[in-house]
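Report on one structure; see the data block that follows.
Since every read-out is calculated from the coordinates, none of them should be taken as a lab result. In this text the structure is predicted, and so the values were computed from the model without any measurement.
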Amino acid sequence: MQESVLVIPSYEVDNLTDNKTGVIVVELEQIKRVIEKKGRFIKRDLVEYDENFRQVIPYVVMQSGDEILLLRRTENQGEKRLHNKYSIGVGGHVRLEDGLHPWQAFLNGMKREIDEEVKAQIVSLNYIGLINDLASSVSRVHVGLLYLAQVIFEGLNEPDMFEYTWESLDQLSGIEQNMEGWSYLTLLKLRELMQK
């Protein structure tokens, strides 16, 4: 885990989210400004347990029409705690190799992460807000930038790591308790947005 990943100071996230848990609506320009001014790359093993920093994670929900891409992690994945858990987001760490300028690295890292996990043409990409989860020691060292992508889906790039189906928001209600934390918070926000 010697890769260097993009981080921002935790107090900046606390200020933007008022220390609330959930998907918090924060203007894209605000978080972009923080990443541009305060973002830096630190070795991942140094920040995995350091709550002074938040690792910045792009988190992209794939949508085709009214249906959402639902992924289930298989037991081929390394992290046992996530086996058979459901996810509605694609994303991961932004690395130093993604670019020296923090915001450009974020955009490049988001594209790389999408391309690593799925084969999809992105028709539109809309920013929703920040995923801020203070419930666990793992989630307290990460912050997600949530996007909704309308896509033309062509398949998975790692079919041994995930199984997938396409589901409406209503169809997801039966598996909420088996969702990863960020996916559950994202689902709540998407339902709220769809009702408006």
Go through region 89-94 residue by residue and turn each phi into a ³J(HN,Hα) via Karplus (6.51, -1.76, 1.60, θ = phi - 60°); whole Hz please, and just put x for glycine and proline. x, 10, x, x, 5, 8
Please list the non-local residues whose amide H lies under 5 Å from the amide H of I128, H modeled 1.01 Å from N, same-chain partners needing a gap of 5 or more. L146, Y147, L148
Per-residue ³J(HN,Hα) for region 36-46, Karplus 6.51 cos²θ - 1.76 cosθ + 1.60, θ = phi - 60°, Hz, x for Gly and Pro: 5, 8, 10, x, 8, 9, 10, 4, 4, 5, 7
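For every helix of n ≥ 4 consecutive DSSP H residues, a contribution of -39,500 (n - 2.57) applies; sum these over the chain, divide by its total residues, and give [θ] at 222 nm rounded to the nearest 500 deg cm²/dmol. List each step's numbers first, then the result.
Working: 5 runs with 54 residues, N = 196.
When only DSSP H runs of four or more count, the value is -8500 deg cm²/dmol.
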Straight-line reach from K85: which aspartates and glutamates have a Cα under 18 Å away, not including same-chain ones fewer than 8 places off? E75, E117, D133, E158, D160, E163, E167, E176, E180
How tilted is helix 102-117 with respect to the longest principal axis of the chain? Cα atoms for both, answer in degrees (0 to 90, nearest 10). 30 degrees
Between A120 and residues 5 or more places away or on another chain, which pairs have amide H atoms under 5 Å apart, with H built 1.01 Å from N, and which residues are they? E154
Sequence-distant or interchain residues sharing an amide H contact under 5 Å with M179, placed H: which? Y86
Taking a ≥ b ≥ c as the square roots of the Cα gyration tensor eigenvalues, with a/c under 1.5 meaning rounded and otherwise prolate when a/b beats b/c or oblate if not, region 4-195 comes out rounded
